[in-house]
Amino acid sequence: MELYAPIFVLGGIGAAFVVVSMVVGSIAGPKRYNRAKLQAYECGIEPTPQPVGGGRFTIKYYLTAMLFIVFDIEVIFLVPWAVHLDALGMFGLVAMVLFLVNVSIAYAYEWRRGGLEWD
């Protein structure tokens, strides 16, 4: 348990910092609210009315999210391989080359279909 003591102390310091910052900010911060400050902020653009239950997103957002997930998973597999490259030897090299070829084929397919173009 003594090995985890520094982690718990650091977590406690972080939590105390958050609590103290929130309390001091609420006490010392200005409290001049008006209609403009209470309105939702959308990057400087006037907010548009939304239909009940939210609006529909185009499929492009979902495809972009899926592409992000695919290439994020690729990085998750590449980092441990790069760290332990010398220990894995030839098997690790061949496995990663096959993995990169597989992902590159998927990337080229998506590129040819125009999935990376943001209209």
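The values are calculated or read from the model by the stated rules, or taken from the named source; none is laboratory data. If you're wondering where the values come from, they're calculated on a predicted model, not measured in any experiment. Reconstructed Cβ throughout: ideal geometry from the backbone, glycine too, with neighbour counts over all protein chains shown.
Being surrounded by 10 or more Cβ atoms within 10 Å (Cβ to Cβ) and at pLDDT 85 or above is the requirement here; does V70 meet it? So V70 fails the test.
Residues of segment 85-117 that are β-branched (V, I, T) and closer than 13 Å to V70 by Cβ: V103, I105.
Taking the condition in a helix (DSSP H, G or I), modelled with pLDDT of 80 or more and loosely packed, with under 10 Cβ neighbours inside 10 Å, does G12 pass? Criteria not met by G12. Looking only at segment 73-94, residues that are aromatic (F, W, Y) and exposed (fewer than 12 other Cβ atoms within 10 Å of the Cβ) come to 1 in all. Of the residues screened, F68 is one that is out of contact with any His (no Cβ under 7 Å at 6 or more places or on another chain) and either farther than 30 Å from Q39 by Cβ or assigned to a helix (DSSP H, G or I) (or both). Listed by first and then second residue, the pairs with beta-carbon distance under 8 Å, at least 6 apart or on different chains, first residue in segment 98-113 and in contact (Cβ under 8 Å) with a residue 24 or more places away in the chain, second outside any helix (DSSP H, G or I), are E110/L116.
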